[in-house]
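The values are calculated or read from the model by the stated rules, or taken from the named source; none is laboratory data. Every value quoted in this text rests on a predicted model; they were computed, and no experiment measured them. Cβ coordinates were reconstructed from backbone atoms using ideal geometry, including for glycine residues, and neighbour counts include every protein chain displayed. Keep in mind that these areas ignore ligands, DNA and RNA; they rest on the heavy atoms of the full protein, side chains included. Shrake-Rupley method; radii C 1.70, N 1.55, O 1.52, S 1.80 Å.
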Amino acid sequence: GISRDKFIQALEAEGIPTRKLFVPIYKDPLFNLNSYDTPEAWQYYQNNKLDSKDFPVAEKAGFHEGIALWHPILLENESELDDIVIAVEKIITNVDSLKE
């Protein structure tokens, strides 16, 4: 019921570092195909261009709703992970005050 920016602000206020997702996964440079390394895949995608309307969930998550927790905090001890859960529960409990 609140924007991603408000949710991120609230998490950070609780000491949980986070950020917006950068791009939808299908646009990530990791999947950048080229004719030299992957000629068959490259040819296929030249003939079948990807379009954002084909990936509405990825677009919504990447540009509007998704967040990423900094991965080092996921490697902490169980108590530190509990802090994430407690922070999210606190945000849910106080969501009405965040809407103002």
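Observations on the structure shown:
- Gyration tensor verdict on segment 20-100 (Cα atoms; rounded if a/c is under 1.5, prolate if a/b is larger than b/c, oblate otherwise): oblate
- Helical segments meeting 20 Å axial Cα length and Kyte-Doolittle 0.5 threshold in the chain (DSSP H): 78-93
- Looking at segment 11-87, the GluC sites (Glu not before Pro) that sit in a DSSP loop and have at most 16 other Cβ atoms within 10 Å of their own Cβ are GLU14, GLU76.
- Carbon and sulfur %, accessible surface of the chain computed with the full protein complex present, 1.4 Å: 56 percent
- The chymotrypsin sites (Phe, Trp or Tyr not before Pro) found in the chain that occupy coil by DSSP, while having at most 15 further C-beta atoms within 10 Å, are PHE22, TYR36, TRP70.
- For segment 20-79, the dipole from Cβ point charges (+1 on Lys and Arg, -1 on Asp and Glu) about the Cα centre works out to 260 debye, to the nearest 20.
- Per residue, the solvent-accessible area of the chain (1.4 Å probe, heavy atoms of protein chains only, all protein chains present) comes to 76 Å².
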